[in-house]
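FYI, it's all coordinate maths here, none of it is from the lab. Keep in mind the model is a prediction, meaning the values are calculated, not measured. Every residue, glycine as well, gets a Cβ built from its backbone with ideal geometry; the counts of neighbours run over all protein chains shown.
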Amino acid sequence: MIRFYSTSAKPFHSDHYCRLVSLIDSCKSMQQIKQTHAQLVTTALISHPVSANKLLKLAACASLSYAHKLFDQIPQPDLFIYNTMIKAHSLLPHSCHNSFAVFRSLTRDSDLFPNRYSFVFAFSACGNGLSMQEGQQVRVHAVKVGLESNVFVVNALIGMYGKWGLVEEGWKVFQWAVDRDLYSWNTMIAAYVGSGDMSRAKELFDGMQEKDVVSWSTIIAGYVQVLLDLKVNKIMILVFYTIALFV
């Protein structure tokens, strides 16, 4: 990945920093973002991680392609900046390959180590539009840095397999996970519901020591879908849904 360094950048001072951070916070349009970006470059604040990341997050909401250009101009991105781009690209199916490319740049082109959020966003990108090959590569990196058993990473991994329809692979991850939280259970149940296996989904649901709104809405939505597939009258579905909420 090519990175650009400004040869005409002026040394920055604290007053420049405060003024430009205020400008970033007040940006309301793409034009203002571009103007602030130009000032970050000319004052060398583009190399300041906090200000660069603030502008990057703002730009990603307005134009992901522009945000990526901005990212390429940051001389030495820190982990927060990398994670911002991995996450931003992971949210759009047509841009998931860019999310994986940024993750790969993090692991190959920098001296930084990905953290749990890096893997959560990367697994999300893989589940949203990439193949098993990329997903397995990300998983190998999680093992290398000792984060495969982290509960956040475990949940993201289960979610990825669920989105691919490889529910039994997700179940294997769920089983060997040392740390499981409520989100782990909900994600696994959602995977079974998504695959149409309501028997396994209900079995897991019944085995939960704690349930929240997500747990209930996921299992109920699964049964509603079953009834819809059977072309059951909508009024009957409403009655079933209401009963399920109060039983």
When Met198, Met160 are arranged by how many other beta-carbons sit within 10 Å of their Cβ, fewest first, they go Met198, Met160
What percent do you get for the relative contact order of the chain when only Cα pairs under 8 Å and 6+ apart count? 11
So what is the relative contact order for the range 78-179, in percent, with contacts set as C-alpha pairs under 8 Å and at least six apart? 24
Mean residue ellipticity (222 nm) of the chain, computed from DSSP H runs ≥ 4 via -39,500 (n - 2.57), nearest 500: -23000 deg cm²/dmol
Under the Karplus relation with 6.51, -1.76 and 1.60 and θ = phi - 60°, whole-Hz ³J(HN,Hα) for the range 80-87, x at Gly and Pro, equal 4, 5, 4, 5, 4, 6, 4, 5
From fewest to most C-beta neighbours within 10 Å, the residues Lys87, Lys211 line up as Lys211, Lys87
Spelling out what I want: for every residue of the range 171-187, take phi, set θ = phi - 60°, compute 6.51 cos²θ - 1.76 cosθ + 1.60 (Karplus), and round to whole Hz; glycine and proline get x. 5, 4, 5, 4, 5, 7, 4, 6, 10, 10, 10, 4, 5, 4, 5, 4, 5
Using alpha carbon centroids, what distance separates the range 118-180 and the range 14-85, in Å? 31
